[in-house]
Amino acid sequence: KQEVTQIPAALSVPEGENLVLNCSFTDSAIYNLQWFRQDPGKGLTSLLLIQSSQREQTSGRLNASLDKSSGRSTLYIAASQPGDSATYLCAVYQGAQKLVFGQGTRLTINP
Amino acid sequence: DTAVSQTPKYLVTQMGNDKSIKCEQNLGHDTMYWYKQDSKKFLKIMFSYNNKELIINETVPNRFSPKSPDKAHLNLHINSLELGDSAVYFCASNHGPNTEAFFGQGTRLTVV
């Protein structure tokens, strides 16, 4: 059974810092991996989809990496801003149709 | 312009009632999903439909019945609501296996 873990559960950093969010999964037989952000009381916003054959995917200040063999993905956020404050969720596609989620990292960027 | 929209956004109801949540996507996707986010913020899949056909039913109680009248709509009907059904329910869609999923804003269901 696939389990996805995100560490740390919460992170608070000053504005302008670069930071890394971690995601690990127990079964390396995944298809693709997707990162989302969730703002309080809101839905999920897709940030990046990284395919199982890729090692990296970039979108603006965000860079996601994937190492299937070690069961890890990281989300790098450059030059953090207060607007980046949200919960970041990692999810892996297991069995093609099904996303298995981690419990998220709650990120606070302090002005 | 909302890509995946759910109604209602909030739903408060008494135990034993029957309620429905509606979902529509205008992205032209073939696959739609229902996910449940519990009080600990943990998201878990409930159902998946591909072009109106049920693909995944993740051991959800029979009181939950999804219905897809066409590939742009996936509704969730819940019978005999229980306190434990209180959660946020998210609808999502994508083009098919392993493709980028897009989520609605969620429906916060509170059973009292």
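The values are calculated or read from the model by the stated rules, or taken from the named source; none is laboratory data. Keep in mind that this is a model prediction, so the values were computed, not measured. Don't worry about glycine lacking a Cβ; one is built from the backbone with ideal geometry, like all the others, and counts go over all protein chains shown. Keep in mind that these areas ignore ligands, DNA and RNA; they rest on the heavy atoms of the full protein, side chains included. Shrake-Rupley method; radii C 1.70, N 1.55, O 1.52, S 1.80 Å.
Residues that are open to solvent by 30 Å² or more (accessible area, probe 1.4 Å) and facing chain B (nearest Cβ under 10 Å) occur at least once in region A:14-32. Scanning region A:84-95 for residues that are farther than 14 Å from A:F36 by Cβ and either open to solvent by 50 Å² or more (accessible area, probe 1.4 Å) or within 14 Å of another protein chain (Cβ to nearest Cβ) (or both) yields a total of 2.
In region A:33-83, which residues are under 25 Å from A:K1 (Cβ atoms), away from chain B (no Cβ under 14 Å), touching a residue at least 24 places away in the same chain (Cβ under 8 Å) and under 10 Å from the mean Cα position of the chain (by Cα)? Once the filter is applied, which keeps residues that are under 25 Å from A:K1 (Cβ atoms), away from chain B (no Cβ under 14 Å), touching a residue at least 24 places away in the same chain (Cβ under 8 Å) and under 10 Å from the mean Cα position of the chain (by Cα), region A:33-83 yields A:S73, A:T74, A:L75.
Quick check, is A:P8 at pLDDT below 95, within 13 Å of the chain's Cα centre (by Cα) and over 25 Å from A:Q97 (Cβ atoms)? When the stated conditions are applied, A:P8 passes them. Taking the conditions (1) touching a helix residue (DSSP H, G or I) at 6+ places or on another chain (Cβ under 9 Å); (2) open to solvent by 40 Å² or more (accessible area, probe 1.4 Å); (3) touching a residue at least 40 places away in the same chain (Cβ under 8 Å) in turn, B:I78 satisfies each one other than (2). The condition of being free of Cβ contacts under 8 Å to residues at least 40 places away in the same chain and farther than 22 Å from A:Q2 by Cβ holds for only one of B:F64, B:F47, B:F42, that being B:F64. Please find, within region A:63-90, the residue that is nearest to A:C23 (Cα to Cα) out of those that are of a type in the set (G, A, S) and assigned to a strand (DSSP E or B). If we take residues in region A:63-90 being of a type in the set (G, A, S) and assigned to a strand (DSSP E or B), then A:S73 is nearest to A:C23 (Cα to Cα). Screening region B:19-33 for residues that are assigned to a strand (DSSP E or B) and within 12 Å of another protein chain (Cβ to nearest Cβ) and picking the one that is surrounded by the most Cβ atoms within 10 Å (Cβ to Cβ) gives B:M32. Residues that are open to solvent by 50 Å² or more (accessible area, probe 1.4 Å), farther than 20 Å from A:G43 by Cβ and either more than 8 Å from chain A (Cβ to nearest Cβ) or among the hydroxyl-bearing types (S, T, Y) (or both) within region B:38-68 comprise B:N51, B:K52, B:E53, B:L54, B:N57, B:T59, B:P61, B:N62, B:K67, listed in sequence order.
So, A:D27, is that one touching a strand residue (DSSP E or B) at 6+ places or on another chain (Cβ under 9 Å) and over 22 Å from B:T99 (Cα atoms) or not? Break it down stepwise before answering.
Numbers: touching a strand residue (DSSP E or B) at 6+ places or on another chain (Cβ under 9 Å): yes; over 22 Å from B:T99 (Cα atoms): no.
Spelling it out, it is not the case that A:D27 is touching a strand residue (DSSP E or B) at 6+ places or on another chain (Cβ under 9 Å) and over 22 Å from B:T99 (Cα atoms).
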